[in-house]
Amino acid sequence: MRIRPQDQSVVDRAAWVVLLAVGATASVPPVAGVAQGVRVLAGGTVVDGTGGEPVTDGVVVIRDDRIECAGTRAECAVPAGAEMFDVTGKWLIPGLVDAHMHYSQTGWADGRPDAYDARERFPYDATIARLKDPSPFWKSYLCSGVTATFDVGGFPWTWGIRDEAERSPHAPHVAAAGPLLSTRDHWLNLPGERQFHFIDSDEAVDAGAHYVAANGSDAIKVWFLVRETSPDAEEWKARLMRAGERARELNVPLIVHATSLWGAKQAVAAGAQLLVHSVSDRDVDEQFLVAAKEAGTVYTPTLVVTDGYRQLRARAFESVAYDLACVDPATRSRAFLTDSLPDRPDETTIAQARERAARELALTSANLMRVHRAGIPVVVGTDAGNPLTLHGPSIFLEMEAMQRAGMTPMDVLVAATRNGAIAMGRGADFGVLEARRIADLVVVGADPTTDIAHTRRIELVVRGGAIHRRPDLEFRD
C-alpha cells in the first residue's frame, strides 16, 4: 500500500522536524503478494540506519514482508522452521534510498537533447516511450542496493508507476513529484505530455499546483532558475512564495531546485521541505543555516551530477567509476557512444572544464559540511537520469563524494537510509532496521562504517522480504 502525502503526517512542518529528529515508528499494513514465510539472517553486524552502535553477531527476523525483530541473538529469538541465512562476517544495512532521480531521463544524451542533441539517431518521442517501462532501471537500482527512489520531476506517467513498484519485490519503492512548476518555458515536452509547467502568472502557479495535487503527487516541485540580478527576480520570488502557499493549502510537500544561495534562501522562506541540490555559487552563510534549520528544511547535495555533463562535453565516458554489471545493456551501449560523438573539444578546453568542475565540487563539498555541521538533515540523491549519471550505481559515486567531503561513513549511511526515507515521505515504512518496518535491507561483505565504498560489496538485497542474490540482479549481455 502506498501512502500519499495527503495521508502522511510528515507533510505537517512540525511533524517533519520531529521525524528527522527521532525517526518514525508507525507502520502500515503488509504489501499483498510479496514474500511469505519466515526468513532469518543471522551472524552479521547489524547497522540499523539510525547512526547508533552496530550490533555484532546480530539477527534480523523477517516475517512475510516485514521485519519482526532486528538486534542481538538474545533479543531476537529464531522462530522454529524459519529459513536460515548465515551472514557471519557480513554487514546488514537498510536498503539505500536515492532521494533525487528521474525516471523520465535515460542516463545519457538521448534523454536530454538540450545537453547534446542525439535526436536524429534516437528520436525523443521514441526514447520517452521506451522509458515508460522502468523495469530495467528498477533492476539497476536493486542491483546497487537501492530499494527506494524519489523521482523529483518528470512526465505525468511517473505517477502511474508507483503502485506497480510498491507491489513488486523486483522494484524499489517509488515516490514521484510529476511535472515541475518551472520558471523557464523549457522545450523538453511532447505534444501530448508535459514535464514542465511554465508558471508565468499567478494563475499558472495555482493551476499547476492543483493539477499536481489532484494526481496524488508526492511533492510540488518548483524549478527555480532565477538569478538575484534578474530584472524580474522579485516577480519570480513572489510566484515561488505563492507555490509554497498552495502547497500548504493542498497539504503536499514543497521541494525546490535552487542552486544559488539567494535562490535557496527564497526556497526556505517559501516553505521548501527539501532542497534538491547544493548551493553552488558561493559559501552558504549563517543566515541561510539558521533559517534552514529553523524551518526543518532537508538538503540534498547532488555532488557528482555535474561531472556526468563534463564527461559528455569532453566526449569521454569514465566507465571505470561505475559498476556496469548493474547497468542495462541499452543504457550501457549508449554511454559508451560518448567517446565517438563528434566535435570533441581540444585538450586545453577539456583541462579547463575539469578545473572548473573541481572548483565547483570543492565549493559544494564545503557547503555540504557547513550544512551538516549546522545540524541540518542531509539526504543522498544522485540526480540519476542526467547524462552519465546512471540509474543505480551512481549511488556509490555520490556517497563516496560525500565521504570525501568530510562526512563520516556512518553519517553518509544515515543520509542514504533513514533520512532518505523521511525525505520521500516514507519515514514510517523503511530506512531503519527495526520491527514492523518493511523488510528492505542489504548485506555487504565489508564494513561500511569504516569506508562507505564498502557498500559496493553487495551480496544480498532484500526488498519487501524477498531475498535476491547479487549475481541474479546483474545484467548479462
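The values are calculated or read from the model by the stated rules, or taken from the named source; none is laboratory data. Small disclaimer: the values here were computed from a predicted structure and weren't measured. Positions of Cβ are generated from backbone atoms using ideal geometry, with glycine treated the same way; all protein chains shown enter the neighbour counts. These accessible areas exclude ligands, DNA and RNA; they are computed on the full protein's heavy atoms, side chains included. Shrake-Rupley method; radii C 1.70, N 1.55, O 1.52, S 1.80 Å.
Just one of the numbered conditions (1) without any contact (Cβ under 8 Å) to a residue 40 or more places away in the chain; (2) out of contact with any Asp or Glu (no Cβ under 9 Å at 6 or more places or on another chain); (3) buried (at least 21 other Cβ atoms within 10 Å of the Cβ) is not true of Trp108; which one?
Among (1) without any contact (Cβ under 8 Å) to a residue 40 or more places away in the chain; (2) out of contact with any Asp or Glu (no Cβ under 9 Å at 6 or more places or on another chain); (3) buried (at least 21 other Cβ atoms within 10 Å of the Cβ), the lone unmet condition for Trp108 is (1).
Which pairs do you get when a residue that is under 16 Å from Lys237 (Cα atoms), found in the range 179-204, comes within reach of a residue that is among the acidic types (Asp, Glu), reach meaning Cβ atoms under 8 angstrom, with the pair 6+ apart or on two chains?
Phe198/Asp185; Asp200/Asp185
Within the range 301-353, track down each residue that is among the basic types (Lys, Arg) and open to solvent by 40 Å² or more (accessible area, probe 1.4 Å). I'd like the intermediate steps shown before the answer.
To start, the set of residues in the range 301-353 that are among the basic types (Lys, Arg) comprises 310, 313, 315, 332, 334, 344.
Scanning the range 301-353 gives Arg313, Arg334, Arg344.
Determine which single condition Phe122 fails, assuming it passes every other condition in (1) modelled with pLDDT of 95 or more; (2) out of contact with any helix residue (DSSP H, G or I) (no Cβ under 8 Å at 6 or more places or on another chain); (3) more than 30 Å from Val298 (Cα to Cα).
That leaves (2) as the condition not met.
Among Val284, Val290, which is modelled with pLDDT of 95 or more, part of a helix (DSSP H, G or I) and either over 19 Å from Gly385 (Cβ atoms) or among the charged types (D, E, K, R) (or both)?
Working: Val284 fails: part of a helix (DSSP H, G or I).
Exactly one of Val284, Val290 is modelled with pLDDT of 95 or more, part of a helix (DSSP H, G or I) and either over 19 Å from Gly385 (Cβ atoms) or among the charged types (D, E, K, R) (or both), namely Val290.
For Ala353, only one of the following conditions fails: (1) part of a helix (DSSP H, G or I); (2) within 24 Å of Ser104 (Cβ to Cβ). What is its number?
Of the numbered conditions (1) part of a helix (DSSP H, G or I); (2) within 24 Å of Ser104 (Cβ to Cβ), the odd one out for Ala353 is (2).
Do you know which of the residues in the range 162-207 that are more than 30 Å from Gln266 (Cβ to Cβ) and part of a loop (DSSP other than H, G, I, E, B) is most open to solvent (accessible area, probe 1.4 Å)?
Pro191
Among the residues that make up the range 83-99, is at least one of them at negative phi, in contact (Cβ under 8 Å) with a residue 24 or more places away in the chain, open to solvent by 50 Å² or more (accessible area, probe 1.4 Å) and touching a helix residue (DSSP H, G or I) at 6+ places or on another chain (Cβ under 9 Å)? Even if it seems obvious, please write down each step before you answer.
Of the residues in the range 83-99, the ones at negative phi are 83-88, 90-99.
From what's left, in contact (Cβ under 8 Å) with a residue 24 or more places away in the chain: 83-88, 90-99.
From what is left, the residues that are open to solvent by 50 Å² or more (accessible area, probe 1.4 Å) are 83-84, 86, 88, 90-91.
When the remaining residues are screened for being touching a helix residue (DSSP H, G or I) at 6+ places or on another chain (Cβ under 9 Å), the result is 91.
There is at least one residue in the range 83-99 that is at negative phi, in contact (Cβ under 8 Å) with a residue 24 or more places away in the chain, open to solvent by 50 Å² or more (accessible area, probe 1.4 Å) and touching a helix residue (DSSP H, G or I) at 6+ places or on another chain (Cβ under 9 Å).
Every residue in the range 210-226 that is over 22 Å from the mean Cα position of the chain (by Cα) and part of a helix (DSSP H, G or I), please.
Scanning the range 210-226 gives His210, Tyr211, Ala214.
Would you check which residues across the range 55-77 are free of Cβ contacts under 8 Å to residues at least 40 places away in the same chain and under 16 Å from Trp91 (Cα atoms) and list them?
Across the range 55-77, the qualifying residues are Val55, Thr56, Asp57, Gly58, Val59, Val61, Gly71, Thr72, Arg73.
Spot the failing condition for Ala358; the list is (1) outside any helix (DSSP H, G or I); (2) open to solvent by 20 Å² or more (accessible area, probe 1.4 Å); (3) more than 30 Å from Leu131 (Cα to Cα), and only one is missed.
For Ala358, the failing item is (1).
Give me the pairs, please: first residue somewhere in the range 212-234 and over 16 Å from Arg246 (Cβ atoms), second residue anywhere and of a type in the set (Val, Ile, Thr), beta-carbon distance under 9 Å, and either six or more positions apart or on two chains.
As it stands, the answer is Leu225/Thr183; Leu225/Thr259; Val226/Thr183; Asp232/Val226; Ala233/Val226, since those pairs meet every condition given.
So which residues in the range 39-82 are in contact with a Pro (Cβ under 8 Å, 6 or more places away or on another chain) and open to solvent by less than 30 Å² (accessible area, probe 1.4 Å), if there are any at all?
Residues satisfying the conditions are Val40, Thr45, Val46, Val47, Gly49, Val61, Asp65, Arg66.
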